[in-house]
Amino acid sequence: MKLKRRIGGLVLTLLLVAAGAGGTEQQSDFVMVINVHNEVTSISSKDAELIFLSKKRSWPDGKNISVVINENQKIADSFSHTILKRSPHQFLVFRKKMLFRGQGMPPPTLKTDKAVIEFVAGHVGGISYVSPDAVTPAVKVIPITK
């Protein structure tokens, strides 16, 4: 009888743990932010990749996209692997090749979330990524879709 109760208690505990884990969302290390005056409400991961690789240069309304790269190591790593599907070093090499091939200037880089937010807020076509806890009303967070 004791064994049945223990097994029943163990099964119940496992079910509760599994149910709790299933209801939690994976917290991302970064969120995509754009200028508050931009009418875009979401961005596909493919469009984000094209934008940050300088292959897409204008928003649907025709305004130029102003990209800024966040140099925060943790955020840059997560963004590079998740969106660009390459390491931060590979992304840096890509940007340098872009410059040396005469394909345009690579996007500016900034060291802090605060500086990135100020850049995006000051450019109508601004876009970047910051840590979720750094977001202010000066920028708009947009979800990244598949």
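Extension gain for the segment M98 to D61, taken as residue separation times 0.36 nm less the Cα-Cα distance, is 10.7 nm to one decimal. This ranking places M98, M32, M105 by how few other beta-carbon atoms lie within 10 Å of each, fewest first, which gives M105, M98, M32.
Going from the residue with the fewest nearby Cβ atoms within 10 Å to the one with the most, V93, V124 rank V93, V124. By the beta-carbon count within 10 Å of each Cβ, the least crowded to most crowded order of S28, S66, fewest first, is S28, S66. For the range 28-145, relative contact order (Cα pairs under 8 Å, six or more residues apart, normalised by length) works out to 49 percent.
Listed by chain and number, the aspartates and glutamates whose C-alpha is less than 20 Å from the C-alpha of K46, apart from same-chain residues fewer than 8 away, are D29, D61, D77. Measuring between alpha carbons in the structure, the pairs from K96/K146; K55/K96; K74/K114; K55/K140 lying more than 18 angstrom apart are K96/K146; K55/K140. Which FRET efficiency value, to the nearest 0.05, is calculated for V135 and E39 with the Förster distance at 30 angstrom and r the Cβ-Cβ distance? My answer for the efficiency is 0.95.
Only the coordinates and a few stated rules stand behind these numbers; no lab work does. Predicted model only: the values in this text are computed from it and were never measured. Positions of Cβ are generated from backbone atoms using ideal geometry, with glycine treated the same way; all protein chains shown enter the neighbour counts.
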